[in-house]
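Nothing in this text is a laboratory measurement; each read-out follows from the coordinates by a stated rule. Since this is a predicted model, take the numbers as computed values, not measurements. Every residue, glycine as well, gets a Cβ built from its backbone with ideal geometry; the counts of neighbours run over all protein chains shown.
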């Protein structure tokens, strides 16, 4: 039983380490710049930053942050933010947010280039649902 538990915990830690990293996407438009950044850490915590800079004179910069925990189960990444994660800076609540990883299958022997990404398919935050962030 002990070897089984050791092996299972080793596989879990390797899968978390493989998925951990920085995921971002940026848009530069005539109206301004938008940047989404998500950092998945190996200790199962995450930080998220949304930044928008509008070029109009009367507009201001917008920054929204979130932090919490993430967990992989059956190829689905679940995000959660507890009350301890929320404060004046970290105002976004990622509870009930789900995503999955996109990457080229090892069985795919074609020359297609499929960049590694994280795709949110469920979230209570309107601009997070449907968002696809590319791995740096």
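General remarks:
- Taken over segment 83-103, residues that are surrounded by fewer than 16 Cβ atoms within 10 Å (Cβ to Cβ) and either more than 17 Å from residue 123 (Cβ to Cβ) or in contact with a helix residue (DSSP H, G or I) (Cβ under 9 Å, 6 or more places away or on another chain) (or both) amount to 6.
- Pairs linking a residue in segment 21-34 that is touching a residue at least 40 places away in the same chain (Cβ under 8 Å) and at positive phi to a residue that is part of a strand (DSSP E or B) and surrounded by 11 or more Cβ atoms within 10 Å (Cβ to Cβ), with Cβ atoms under 8 Å and 6 or more positions apart or on different chains, are 21/39; 21/40; 21/135.
- Count of residues meeting criterion [in contact with a strand residue (DSSP E or B) (Cβ under 9 Å, 6 or more places away or on another chain), over 24 Å from residue 87 (Cβ atoms) and part of a loop (DSSP other than H, G, I, E, B)] in segment 42-63: 3
- Selection over segment 14-41 of residues that are more than 19 Å from residue 117 (Cβ to Cβ) and either part of a strand (DSSP E or B) or in contact with a strand residue (DSSP E or B) (Cβ under 9 Å, 6 or more places away or on another chain) (or both) gives a count of 5.
- In segment 64-123, counting only strands (runs of 3 or more DSSP E) that sit wholly within it, the ones holding 3 or more residues that are more than 14 Å from residue 19 (Cα to Cα) span 117-122.
- So residue 90, is it without any contact (Cβ under 8 Å) to a residue 60 or more places away in the chain, touching a strand residue (DSSP E or B) at 6+ places or on another chain (Cβ under 8 Å) and within 17 Å of residue 132 (Cα to Cα): no
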